[in-house]
Amino acid sequence: MFFSSEKWNNGSEMDAVIPASSALSFENLQSSLMTADELFLIPLFGSTLMGSFESLYSKTTPSDDEKQLLRVLQVAEANLAYYANFDVLQLRITDQGFQRQQTDNFGSPYKYQEDRLRQTFKNRGFNAIDRILEMLDNKFTKLQGYADMPVRVSTRTDIVQRTSEVNAVHFINNSRLVFLRLVPIMTAICHNELRPLLGWNLYNALKQALENGKATAPVRIASASGDPARTFEELRLQCIPFVVKKAVAQLIRETGSLTDRGLYFIGQSAGSSDNRTETPATRREAHDAAAVAEGEAKAFATSLQAFIEWKWPEYFGGHVSDVFKRDNDDKRTFWA
């Protein structure tokens, strides 16, 4: 855990992450924090790396980078703890069963406030995880357990590996939840559409380079451009826009700003708590949005084929549009 009774200081340690009362005790939250670790953080980072994080937390004088990492770890752990045990934290468990905590001055939140709090804790917690992954890649690659953390091993051979890579192509507000929703769709698209587009030989060579950790190694085969080197990582980055746009179009059709629940439209409606409403897209709105994404995916596919022709000519099998180009002079072929 990244909170402790020694550093709790009447709730000030939690208050620095999520505003909390000074009466909030560490003992009251300890089990929820442990639950967040067990459900979300340990399966993602692995026990070894979590141990490295806890060692940083125990240091007397951590560096500035380590302080920043620990703060984001606290944000993730605290928000996911509140999200996972939201109902339990509002109750008191005694020998007489479950009792709702209430005083003369404060009562339980309204239903709409509870729903928004849950969603806020969920979004902040999962988005903080992406920030941790980015910080690890940039500054903490030497930490024990980094190379073997489960989330890194599971995405090492993926074409699209990070939320930021999706967000750079299609705005999802850097939401890890939307990214996770897109992952199985992107996997299917890579197998069913990207592989035929690249050709099996080039696709398998790309996947093998990612698996072996050699994607950034130069491949010194002269191309039509005269460039003596190219990398599979460069090819992976060229594939991302096509895969993302195809996946976004499919998710919109299935669920129809894009959220982890699908395509929703935001509007104003008098009578609600803040005059702001979010409603699911209609069939026509979803179809229009998906058509735009499909059109962009088609353009990215054309660009990707041109890139392969330029940088990987030995794998290039021709453009799909070339199939109808044929010299029919002095021949008896005709289209009926």
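Throughout, read-outs are computed from the coordinates displayed, never taken from laboratory work. Computed from a prediction, not measured in an experiment: that's the story for all the values here. As a convention, Cβ positions derive from the backbone with ideal geometry for all residues, glycine included, and neighbour counts pool all protein chains shown.
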task: With only alpha-carbon atoms counted, please give the Rg and Dmax of region 5-152, in Å.
output: 16.7, 53
- request: Could you name the lysines whose alpha carbon sits less than 18 Å from that of Lys246, not counting residues in the same chain fewer than 8 places away?
  value: Lys298
- request: Provide the gained length on full extension for the span Arg71 to Asp87, in nm with one decimal, where the gain is 0.36 nm per separating residue minus the Cα-Cα distance.
  value: 3.2 nm
task: Could you please rank His287, His191, placing first whichever residue has the fewest other Cβ atoms within 10 Å of its Cβ?
output: His191, His287
task: Quote to one decimal, in nm, the extra length available between Ala23 and Asn173 on full extension: 0.36 nm per residue of separation minus the C-alpha distance between them.
output: 50.5 nm
- prompt: If each of Lys111 and Ser31 carries a label point 7 Å out from its Cα toward its Cβ, how far apart are those two points in nm?
  reply: 2.8
task: Pull out a ≥ b ≥ c, the square roots of the eigenvalues of the alpha-carbon gyration tensor of region 138-239, then state rounded if a/c is under 1.5, prolate if not and a/b is larger than b/c, and oblate in the remaining case.
output: oblate
query: Arranged from highest to lowest average of other beta-carbon atoms within 10 Å per residue, in what order do the peptides 211-217, 42-48 appear?
result: 42-48, 211-217
Nitroxide proxy distance, nm - points 7 Å out along Cα→Cβ at Glu193 and Trp310: 2.3
query: For Trp8, Trp310, Trp200, what's the fewest-to-most ordering of other Cβ within 10 Å of each Cβ?
result: Trp200, Trp310, Trp8
- request: Please say if region 15-70 is rounded, prolate or oblate, where rounded means a/c under 1.5 for a ≥ b ≥ c the square roots of the C-alpha gyration tensor eigenvalues, and otherwise the choice is prolate for a/b larger than b/c and oblate otherwise?
  value: oblate
message: Below 8 Å between Cα atoms, with a sequence gap of 6+, how large is the relative contact order for region 5-152 in percent?
response: 31
- line: Most exposed first, judged by fewest Cβ atoms within 10 angstrom, Tyr112, Tyr83, Tyr315 run Tyr112, Tyr315, Tyr83
